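What follows is one structure encoded as structure tokens, with my remarks underneath.
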Amino acid sequence: MSELKLYDYWRSSAAYRLRIALNLKGLDYTSQSVNIAPGADEQFQDGYRALNPQMRVPTLEVDGRRSGQSMAILEWLDETYPEPSFFPADTWARLQVRAFADIIACDIHPINNLSVLIKLRKELGQDDAGVGEWYRDWIIRGFTALEEMAEPHKANAFLFSDQPTLADICLVPQMANARRYDTDLSQFPRLVQVDAACQKFEAFAKAAPDMVKPD
């Protein structure tokens, strides 16, 4: 078994994905907090930059080798530790899972990432109300599509299966972000239902931000 170390931040949704995934796989890992909050900015320090040239979290260290980018790491985890799989057996269902996850990881999350919000405040002069409006707008656009994608599979316990997949792993942190920014989720009943089902899973509950927040 490889030695796994996660460079983490409790509120990072990308890091939250990896905490869920590592728990689902039943993998032991150590966690090293990297405080990316404005004013702390530990990700920009030379020591962390040497680990991850992009200066973002998460980073996964495996037997001394390191990689960033949560989606790539999730694929690696599933290839390296195939049980339980993050994907259904059917290839078309696997495509749907990836498409759902990528809407979150490629379309919603990057536009609402911390670096973008800082630019909105410091360079474009937006106040809390303006930043919140920006944040919610992109979530609602993405969630509107995700709700339609999830609806045909509502007989399943989770989004595309009766077991959590990559889609669920990506959804739950984004739901936490939506609630943090007071997004009205009443128009997304299937997403809310799946999020609630996931929270009953120990792997998801243990990974939640409030569970790993430093004292």
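The values are calculated or read from the model by the stated rules, or taken from the named source; none is laboratory data. Note that the structure is predicted; figures quoted are calculated from it, not measured. Quick reminder, even Gly has a Cβ in these numbers, built from the backbone with ideal geometry, and neighbours come from all protein chains shown. Only protein heavy atoms, including side chains, enter the accessible area calculation; ligands, DNA and RNA are left aside. Shrake-Rupley method; radii C 1.70, N 1.55, O 1.52, S 1.80 Å.
Structural remarks
- A simple count of charges around residue 114, restricted to other residues whose Cβ falls under 11 Å of its Cβ and scoring Lys, Arg +1 and Asp, Glu -1, yields +3.
- Local net charge near residue 63, Cβ-Cβ under 14 Å (Lys/Arg +1, Asp/Glu -1): 0
- Computed [θ] at 222 nm, deg cm²/dmol, the chain (DSSP H ≥ 4; -39,500 (n - 2.57); rounded to nearest 500): -15000 deg cm²/dmol
- Taking the convex hull of the alpha carbon positions in the stretch 1-102 and averaging its projected area over all directions gives 6.8 nm².
- Solvent exposure of the chain, expressed per residue, is 51 Å² of accessible area, with all protein chains present and a 1.4 angstrom probe.
- Across the accessible surface of the chain, with the other protein chains kept in place and a 1.4 Å probe, carbon and sulfur atoms take up 51 percent.
- Largest to smallest accessible area among 98, 19 [probe 1.4 Å]: 98, 19
- Charge dipole (Cα centre; +1 on Lys/Arg Cβ, -1 on Asp/Glu Cβ; no other charges) of the stretch 63-215 amounts to roughly 260 debye.
- Close amide-amide hydrogen proximity is noted between residue 33 and 8, each under 5 Å apart and 5 or more residues distant or on a separate chain (H modeled in the peptide plane; Pro and chain starts excluded).
- Evaluating kT/(6 pi eta Rh) at 25 °C and 0.890 mPa s, with the Kirkwood radius of the chain over Cα pairs in the Stokes-Einstein relation, gives 138 µm² s⁻¹.
- Kirkwood estimate for the stretch 119-193, i.e. one over the average of 1/r between Cα atoms, Å: 13.5
- Taking θ as phi - 60° and the Karplus parameters 6.51, -1.76 and 1.60, the scalar couplings of the stretch 177-188 work out to 4, 4, 5, 4, 9, 6, 6, 6, 9, 5, 7, 10 Hz in sequence order, x denoting glycine and proline.
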